[in-house]
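For reference, the structure discussed in these notes is given below.
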Amino acid sequence: MTPTLSICISLKNDPVEIVETIKSIRSTAPAHLQICVVDDASKTWFTSTDPRVKVKRFEKGVGVGRSRWAAVAMAEGSHILIIDSHMRFEPGWYEKIMARIKASPLTTWCAACPHMSAINTDLAKAKNEYRGATLCFIDPKPGANPLKTVFEGKWRRHA
């Protein structure tokens with residue numbers, strides 16, 4: 001069975017950014033990619049006419065953790081990527097993630113951003129400047145090199 005990916009997003013009061021995030025995903029990933037969005041009681045409700053975007057709304061705020069789990073519960077993919085509502089994607093990101101998933105199908109991967117960069121990949125020495133846009137995929141197997149892949153993010157200023 002070919003692995004599939006669902007992207008799960010929780011949002012609150014971020015109506016412009018979520019639209020731009022979805023546009024960014026759609027312009028850099030295959031058309032079949034599923035996106036699951038949970039709106040955590042935003043003042044302006046998020047809606048989508050795209051049938052590949054599943055949307056759930058909480059009338060009363062439940063918090064980011066519960067919102068993320070609600071998005072995961074809607075996901076149909078064999079693998080899940082949880083992101084924030086204000087992300088942008090560069091060409092090639094999907095292929096890199098799917099190659100890693102196919103190479104280690106029984107591995108649990110965890111995304112983290114604890115003061116890491118492509119130069120500083122030692123989790124024990126994660127004391128440099130905070131790099132919130134860096135994602136590190138960690139292999140949890142005992143004795144394994146914990147850091148397999150670092151995706152260095154790029155911060156962009158709003159126009």
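Here are some notes:
- Net charge over other residues, Cβ less than 9 angstrom from the Cβ of ALA41 (K, R count +1; D, E count -1): +1
- Sequence of ASP14, ASP39 from largest to smallest accessible area, 1.4 Å probe: ASP14, ASP39
- With distances taken between every two different alpha-carbon atoms, region 34-94 has a Kirkwood hydrodynamic radius of 12.6 Å.
- Counting charges near SER6 (Lys, Arg +1; Asp, Glu -1) among other residues having Cβ under 12 Å from its Cβ returns a value of +1.
- By average C-beta atoms within 10 angstrom, highest first, the peptides 40-51, 71-82: 71-82, 40-51
The values are calculated or read from the model by the stated rules, or taken from the named source; none is laboratory data. Just so you know, these numbers come straight off a predicted model, no measurement behind them. Cβ sites come from the backbone with ideal geometry, for glycine too, and all protein chains shown count toward neighbours. With ligands, DNA and RNA removed, areas are computed over all heavy atoms of the protein, side chains included. Shrake-Rupley method; radii C 1.70, N 1.55, O 1.52, S 1.80 Å.
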